[in-house]
Each structure stands twice: as structure tokens, then as C-alpha cells.
Amino acid sequence: MTRSSLAIALGVASLAVVSIAGVRLRAQAPSAPPEPTFERIPLTAGRSRVLTTDFDVTRIAVTNPAVADANLVQPREVLIDAKAPGVVSLILWGATERVQYDVLVEPGVSALQQQLMTIFPGEDIQVSATEESIVLSGHASSNDVALRAGEIAQASSAKMKVVNLLQRPGAPDTQQVMLEVRFAEVNHNALRELGANMIARRTDFDARTSTEQFPAPTIDDSQTAMPIQYPDFLNLFFSLNAQGLAATIKALQTRGQFQSLAEPNLIAYNGQEASFLAGGEIPIPIVQGNTGQVTIQYKEFGVRLTFRPTIAGETIRLKVRPEVSALDFTNGLKLSGFTVPALTTRRAETDVELKDGQSFAIAGLMNNVYQDTRLAIPLLASVPIVGHLFKSKSESGDRTELLVLITPHLVRPLDPAEVPPLPVDPKLFGKPAGIGSLLNGGGGLVDAPAPPAARKADQP
């Protein structure tokens, strides 16, 4: 074998050894070394601690100064200030040494937590706060403790929302409340009007008396057949054509009664607000600044109810605000020939505690309005007997009474088998056709599965 062939053979053998060694190394590659553990320094947010070392510290590093910060006060003393909950790394260097710590900052006991521990000793109530809410968690021994703790938390911060997650004994499996409300309004009104108008049409003079409270006759010279125009012939009217005298007397007495009833049913989640409105909207013109441009803004009126339920075991706490408003054209505003009515509003706001099915009533919302308007022509109205022809009066009275009856119920959703069928007549709507007829219980006319007895009867 020549020297060159020997060198090639040795090279091939060495490559084979290297490749085999490479496979062996990959097969026996050790796993990643475990992360080193460092000594932990537990702290509470808002507290400080002095750390003593065995060497002179020349350099300090903290991963997140917002959680904890460290300052060198002596060559071998480091002051650690805990600021916010979290974990940071603290590294200290000396001339020839280096040491690292894990600083664990836990949230401290807040002022609200301390207050609740003082007021309710022995209760398992935990407080956690975020930027926008306060969360109460744990267990409460009674419904009253859970409610009072929520009230104290809400009073501690008016801007933050309180989420009460305290578990109560005997709490229901539902978090929804249905409010059954009945509004009843009775309105009695009475009106009395009395007035007289006279007019004279003579060859040598014309005369007329009017208090301008009621439409009075007028003289129209363009009319030759009937120069005296009578806008209102109601009530009493007499005329002496030969003498050119006429008079109208308005004497009315009106009595009316109005009743209104609304029965809305509302469902709201625990702690969420729900509202109801039965009425409408009226357009209100608004003049914009210096431009004089008129825009329209709509304002709601009618029967309104707003409530927020809080479920505490078997007790339901309600914040209720009923409101009834009606249009008032008497006190309205006249603008460019149009009348913008005013709103007569009655409103109540209260907090009550009830159990499921109990009711409470808001009564006594009475409104009595009496108006007396008297007009007279000076001097002539003071003449005995004849002076009544120069007077007019209008008396109106309005009495309204409102009753609100509210009943809360704890409700839960219906299962598919519990949904009742719709009250429809198949004769009016015909038999269901299409794919709906192939569904279990039918489709289109029935909103629930048929009962088992009915399904057996339909089978051949």
C-alpha cells in the first residue's frame, strides 16, 4: 500500500469515528441545567427592610424599581423599599464577590380591609382593588353582613364600582329579578266658565263690550247682509235686529274623570339597572347661540320606572325610582306661532328590602290644582245689576292621584321542555308546512316540544 492510499484510508476511518462519536454525543446530550435558586426576601407593599452583607457593596441593580427599590446607606447595609406587589431580582456586587436575591413583595392590608376586620371580627372577607373596582370575596355568616360590607366598601370610594362576591348561606341559584309593577292614575277635573259679550250696531254709532277671555262678536263693514260676525253661538245668544243689539252669554260647567293603568314586567341581573317607559317623545326647539339656527331635541314623557336589584340570600334589596310625566299645554311656551308644552312630573325614589313575592306600594302622590281667573271692564263692571254683563270668570280644578304597586320575584330561565306553547288557534293560521312540520313538536305555530302523551298519539 502506498503512502497516499494509506493516508486516504486513515482519513476515511477518522471520519467514521467522528460521525459515530457525533451520533453518540447527540444521543447522550445532557438536559438543560436547572435554574439556580436564590434567597428570597419577603416584604409587604409600603414597608422597608435593611439588608446586611458580609462584604462592601460597590454596585446595586434592581430589575423593576416600580415594585421595589434599593439604596446603599452603609458600605455593608442596603435599604430595600417595597412599593407594589410583584417579584424582582436584587443583585449586589463587591470588589470580588456578587450575590443575588429574589425580592417578593406582597400586597398589604388596605384601610378598607382593616375597617372590615374591625367591624366584622371573625368574618372571612377579603378585599382586592383595581384601578376601577373594589372586589369583595370570601364568606359571610349572614345576608346582613354581606350587605353591610358592600355598603361600607361603596362608601369608601364613590368613584369605584364595588363587586360583591361574598358567598352567603342559603343563597339562591339565580341572579335575576323580575319586577312586577302596576301604575294606577286617577284624574278628576272640573271647569266652570261664565262671561257675557254685547254689541250694538246703530246708524249713528257702533259699540261692543268684551273682556277678551272668550271670543266676542265683531263688526265687519264688508258684509252687507250680516255685518255682525258671531264666532261662537254656543250657550246663550239673543239678538234684537230692529234695535241693532246682540249679546252672547257663555256659561259652561264641565266635569271629567280620567283613569290610566300600566302593568310592565321587567327583568334585571343582580346589581344591574333596568328601566321601563310607556309614553312618547315631544320635540323641543333649541336656538343655537349667535347663529340663530334652530335644532330639535326630543324629550321623553310618560310612565317611567328605573330599578336596581341586589340579591342577598332570600332578601331582595331594590332601589326604585318611579316617575309619571304628562304634557301641560296650559303652561306651555309659544314660539313663532307654535306651542311647546310643558311637562308635569311626579317622581319618587326609595330603597326597600323585600322577600320573593312580597309587595310594597307607593301611594299618596296626590296633586291638587285650582285656578280662578276673573276679568272685568273697569267702572262698567261696578254698575249694579248691569255690571255682570261686563265681567267674566273661569274656574278650573284638577285632582290627580297616583298609586305604584311593586312586587319582585326571583326568576330563572326555562329549560326547553318547560317552555309553554303559544296561545294560537290552528284554524286561523293553518297547518304548519315546510321543514318546521318535521321538527319535534312542529314549527311555526308551536314554540315548545309536544307533551309525551301527544307524541304517542301522533305515532301510527
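Things to note:
- Subset tally (residues that are without any contact (Cβ under 8 Å) to a residue 60 or more places away in the chain, over 21 Å from GLN154 (Cα atoms) and out of contact with any Pro (no Cβ under 7 Å at 6 or more places or on another chain)) for segment 80-117: 19
- Selected residue (only one of LEU410, LEU414 is of a type outside the set (Val, Ile, Thr) and surrounded by fewer than 18 Cβ atoms within 10 Å (Cβ to Cβ)): LEU414
- Scope segment 95-144; condition β-branched (Val, Ile, Thr) and more than 33 Å from the chain's Cα centre (by Cα); matching residues: THR96, VAL99, VAL103, VAL105, VAL109, THR118
- Identification of strands (runs of 3 or more DSSP E) wholly contained in segment 178-269 with 1 or more residues that are modelled with pLDDT under 65 and either open to solvent by 50 Å² or more (accessible area, probe 1.4 Å) or farther than 30 Å from HIS409 by Cβ (or both) yields 236-240.
- Looking at ASP102, ASP124, just one residue is over 29 Å from LEU318 (Cα atoms) and acidic (Asp, Glu), and that residue is ASP102.
- Residue within segment 32-39 that is within 30 Å of ALA95 (Cα to Cα), part of a strand (DSSP E or B) and at pLDDT 50 or above present: yes
- Selection within segment 49-59 - within 20 Å of PRO36 (Cβ to Cβ) and surrounded by 15 or more Cβ atoms within 10 Å (Cβ to Cβ): LEU51, THR53, PHE55
- Among residues of segment 338-350, those that are in a strand (DSSP E or B) and within 16 Å of GLU323 (Cβ to Cβ), counted: 7
- Inside segment 118-134, residues that are of a type outside the set (Gly, Ala, Ser), crowded, with 16+ Cβ neighbours inside 10 Å, assigned to a strand (DSSP E or B) and touching a Ser or Thr at 6+ places or on another chain (Cβ under 7 Å) make up a count of 2.
- Picking from residues in segment 353-375 that are of a type outside the set (A, V, I, L, M, F, W, C) and more than 32 Å from the chain's Cα centre (by Cα), the one that is surrounded by the most Cβ atoms within 10 Å (Cβ to Cβ) is ARG374.
- Residues located in segment 82-117, provided they are open to solvent by 90 Å² or more (accessible area, probe 1.4 Å) and either modelled with pLDDT of 85 or more or part of a helix (DSSP H, G or I) (or both): LYS83, VAL87, ALA95, THR96, GLU97, ARG98, GLN114, MET117
- ALA70 in contact with a strand residue (DSSP E or B) (Cβ under 6 Å, 6 or more places away or on another chain) and either surrounded by 13 or more Cβ atoms within 10 Å (Cβ to Cβ) or polar (S, T, N, Q) (or both): yes
- Residue match in segment 333-345 (condition: in contact (Cβ under 8 Å) with a residue 12 or more places away in the chain and among the charged types (D, E, K, R)): no
The values are calculated or read from the model by the stated rules, or taken from the named source; none is laboratory data. Given the structure is predicted, the values throughout are model-derived calculations rather than measurements. Neighbour counts run over all protein chains shown; Cβ positions are idealised from the backbone, glycine included. The area values use the complete protein model at the heavy-atom level, side chains included, leaving out ligands, DNA and RNA. Shrake-Rupley method; radii C 1.70, N 1.55, O 1.52, S 1.80 Å.
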